[in-house]
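The values are calculated or read from the model by the stated rules, or taken from the named source; none is laboratory data. What you see is a predicted model; the values in this text were computed from it and never measured. Positions of Cβ are backbone-derived with ideal geometry, glycine not excepted, and every protein chain shown enters the neighbour counts. To get the accessible areas, we keep the full protein, side chains included, count just its heavy atoms, and leave off ligands, DNA and RNA. Shrake-Rupley method; radii C 1.70, N 1.55, O 1.52, S 1.80 Å.
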Amino acid sequence: MKLTRSAYALRIALFIALAIGINVVALRLFFRLDFTADQRYTLSGATRDILRNLENPVTVTAYFSRNLPPELASIRDDFQDLLAEYESASGDQVVYEFKDPVEDEALEQQALQAGIYPLDIGTRDKDQVKVQRGYMGAVVKAGTQQEVIPQLESASGMEFALSAAIKKLTAADKPRIGLLQGHGEAGLASLGQLEQSLSTLYTLEPVTLTDTAEAWAAYKTLLIIAPSDTFPLPHLGQLDAFLASGGRLCIAINAVRADLQSQGPFSELRTGLEPWLAGKGVTVSPELVTDTECGRISFQRQLGAFTVQQQLPFYYFPLIHAFGEHPITQGLEDLMLFFASPVSSASVQNGVQAVPLAFSSQQSGLEPVPVMFDPEREWAESDFLKGPQPVAVALEGPLNGPAPAKLVVIGDGDFALDQRGQAALPFNVDFLVNAVDWLTDDTGLIELRTRRVDSRPLLVQPGEGGRNVIKWLNFLLPISLALGIGLYRRRRRKQLQAAWSAERYQDPAAPVSQDR
């Protein structure tokens, strides 16, 4: 049937009206489909809860350079898409803008004053390597307060950084974390890195069990880090009362008195927490875990008249790569412990669920006390036949009464401490911060902190020629497919036109085919 001119005009008008309507709706409704395995482009429930509860506008100023290399330019695009989703989910309470400090000296000074500093970004242009200055940060403002995100170098922690900044600015009161004192525990002075990492969402404060119950019961979570003195029975009773009320407790404990400054003998360290933990189903053995997967330390050796500094593996510093399935360990890859002891617990006991969090490697051993430390010791394969040893455990359930409580026990009290003027290892601090998040935060932000974007590189890394082939395939293959589909459709259309023409001008006297 041949369309009239007015029918064509009506169709075109309807098409234009439909396109305009779709664009108008798209301006007010932002959405996208996320087919990634880890749902990296989908806002979490925790973020949506934070955005729904916003009472005042939040402004995000993103300082991003425009001339970034392709691998970094994608981060800018991801951040812009994420901000668009924040704006939509918050009902326009989150507004944002992008600025390029490189293009304007005044903007650059503004970014520097806010705490966003340039990065030296290496780029490769043909056979030359160039270094350019670039900015990849953001400032989040709510009222007169602001929070700075100095660098956004990957998509993995983007949502957590932004949601945590908004929550910190808009929350009336940050949860208080009690750092227990009075039994030789580590103080705030030796936990600078941990305190800084926790400060975004929590307030870390010292607390003693000699205070009134009302004073320390205000803390949802208590940390006991590296105690070295005895806990009297009344204090253990207060810890029982804390758990009975549904409290959360993290204990990083040394079961062996050991350090690098002494060659021993290393002896058992008893604080009274050991039998108390045994009553909760947790056993911290007075042994040292040794592992062929370990850290390295410097030793001085005398070779004749010369003193030689050598980096040697130190089997008492297990380097952990094996983790249990738990929110605390999700996204972690490494953990290094110092003179660690094994921590064991039944998986389920009296309604309490226990999950081992970290294990040493298959080539592990156990050294019972007393232990003599000998840097010249010749180790044998038979010293590492004990298999994987659990070094941390998380418990959840009625630990001391009907109220559900949470408990994390780590067989090393020193792993997150700042050592001899050096900041604690970042991944060690991450492990303890994740533990505090799991114990304290019920909003689900821990899922964002530990969310990891897995990279999937080529199984076989190509050489320079192979990379060029892949690059040109990526460029030419889509164009070739589009041209091939276009040529096929053109040829098919001509065949149909020829068939219609033959049918239209067919001889009336010719017999009609029965196949029609």
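Residues of segment 309-330 that are under 26 Å from Asp441 (Cβ atoms) and surrounded by 15 or more Cβ atoms within 10 Å (Cβ to Cβ): Ile320, Ala322, Phe323, Gly324, His326, Pro327, Ile328, Thr329, Gln330. For segment 55-74, the candidate set comprises residues that are crowded, with 18+ Cβ neighbours inside 10 Å and not polar (S, T, N, Q); within that set, the residue that is nearest to Glu153 (Cα to Cα) is Leu72. Any residue at all in segment 160-180 that's of a type in the set (Asp, Glu), modelled with pLDDT of 90 or more and at negative phi? No, because not a single residue in segment 160-180 is of a type in the set (Asp, Glu), modelled with pLDDT of 90 or more and at negative phi. Any residue that is farther than 15 Å from Met158 by Cβ, modelled with pLDDT of 85 or more, touching a Lys or Arg at 6+ places or on another chain (Cβ under 8 Å) and not hydroxyl-bearing (Ser, Thr, Tyr) - is there at least one of those in segment 100-107? Looking for residues that are farther than 15 Å from Met158 by Cβ, modelled with pLDDT of 85 or more, touching a Lys or Arg at 6+ places or on another chain (Cβ under 8 Å) and not hydroxyl-bearing (Ser, Thr, Tyr), one finds at least one in segment 100-107, hence yes. A Cβ distance below 6 Å, combined with a sequence gap of six or more or placement on separate chains, defines the contacts here; from segment 158-183, residues that are open to solvent by 50 Å² or more (accessible area, probe 1.4 Å) reach residues that are among the hydrophobic types (A, V, I, L, M, F, W, C) in the pairs Thr170/Ala142. Of all the criteria given as (1) more than 22 Å from Gly187 (Cα to Cα); (2) of a type outside the set (Lys, Arg); (3) in contact (Cβ under 8 Å) with a residue 60 or more places away in the chain, the one not satisfied by Asn254 is (1).
Just checking, does segment 93-112 include any residue being of a type in the set (Gly, Ala, Ser), under 18 Å from Arg48 (Cα atoms), in a helix (DSSP H, G or I) and in contact with a Phe, Trp or Tyr (Cβ under 7 Å, 6 or more places away or on another chain)? No, segment 93-112 contains no residue that is of a type in the set (Gly, Ala, Ser), under 18 Å from Arg48 (Cα atoms), in a helix (DSSP H, G or I) and in contact with a Phe, Trp or Tyr (Cβ under 7 Å, 6 or more places away or on another chain). Residues in segment 348-381 that are part of a loop (DSSP other than H, G, I, E, B) and either among the aliphatic types (A, V, I, L, M) or within 19 Å of Glu274 (Cα to Cα) (or both): Val369, Pro370, Met372, Ala380. Taking segment 355-409 as the range and being among the hydroxyl-bearing types (Ser, Thr, Tyr) and open to solvent by 60 Å² or more (accessible area, probe 1.4 Å) as the test, only Ser382 passes.
Of all residues in segment 193-210, exactly one satisfies the criterion of being part of a helix (DSSP H, G or I), modelled with pLDDT of 90 or more and open to solvent by less than 40 Å² (accessible area, probe 1.4 Å), namely Leu194. Every condition in (1) in a strand (DSSP E or B); (2) modelled with pLDDT of 90 or more; (3) in contact with a Ser or Thr (Cβ under 7 Å, 6 or more places away or on another chain); (4) not β-branched (Val, Ile, Thr) holds for Pro227 except the one numbered (1).
Look at segment 55-79: where a residue is farther than 16 Å from Gln151 by Cα and of a type in the set (A, V, I, L, M) and a partner is modelled with pLDDT of 85 or more and open to solvent by 50 Å² or more (accessible area, probe 1.4 Å), sitting 6+ places away or on another chain with Cβ atoms under 8 Å, you get Val58/Val95; Val58/Lys141. Residues that are modelled with pLDDT of 75 or more, closer than 18 Å to Arg66 by Cα and surrounded by fewer than 21 Cβ atoms within 10 Å (Cβ to Cβ) do occur in segment 141-153. Of the listed requirements (1) farther than 24 Å from Ala186 by Cβ; (2) open to solvent by less than 40 Å² (accessible area, probe 1.4 Å); (3) in contact with a Ser or Thr (Cβ under 6 Å, 6 or more places away or on another chain), Thr290 misses just one: (3).
Considering only residues in segment 42-67 that are under 21 Å from the mean Cα position of the chain (by Cα) and of a type in the set (Val, Ile, Thr), the one that is modelled with the lowest pLDDT turns out to be Thr42. Scanning segment 85-106 for residues that are under 16 Å from Ala142 (Cβ atoms) and either surrounded by 12 or more Cβ atoms within 10 Å (Cβ to Cβ) or aromatic (Phe, Trp, Tyr) (or both) yields Tyr86, Glu87, Ser90, Gln93, Val94, Val95, Tyr96. Phe242 meets the conditions (1) under 33 Å from the mean Cα position of the chain (by Cα); (2) aromatic (Phe, Trp, Tyr); (3) not in a helix (DSSP H, G or I) in every case but one. The failed one is (3). The single condition among (1) assigned to a loop (DSSP other than H, G, I, E, B); (2) at pLDDT 80 or above; (3) of a type in the set (Gly, Ala, Ser) that Ala37 does not satisfy is (2). When Glu333 is tested against (1) touching a residue at least 60 places away in the same chain (Cβ under 8 Å); (2) open to solvent by 30 Å² or more (accessible area, probe 1.4 Å); (3) over 34 Å from the mean Cα position of the chain (by Cα), exactly one condition is not met: (3). The requirement of being buried (at least 18 other Cβ atoms within 10 Å of the Cβ), on the phi > 0 side of the Ramachandran plot and touching a Gly at 6+ places or on another chain (Cβ under 9 Å) is satisfied by Ala226. If you go through segment 263-279 one residue at a time, do you hit one that is among the aromatic types (Phe, Trp, Tyr), assigned to a helix (DSSP H, G or I) and under 30 Å from Ser364 (Cα atoms)? Within segment 263-279 (the criterion being among the aromatic types (Phe, Trp, Tyr), assigned to a helix (DSSP H, G or I) and under 30 Å from Ser364 (Cα atoms)), the answer is yes, since at least one residue qualifies. Scanning segment 298-335 for residues that are of a type in the set (A, V, I, L, M) and either touching a Cys at 6+ places or on another chain (Cβ under 6 Å) or farther than 23 Å from Ser382 by Cα (or both) turns up Leu303, Ala305, Val308, Leu319, Ile328, Leu332, Leu335.
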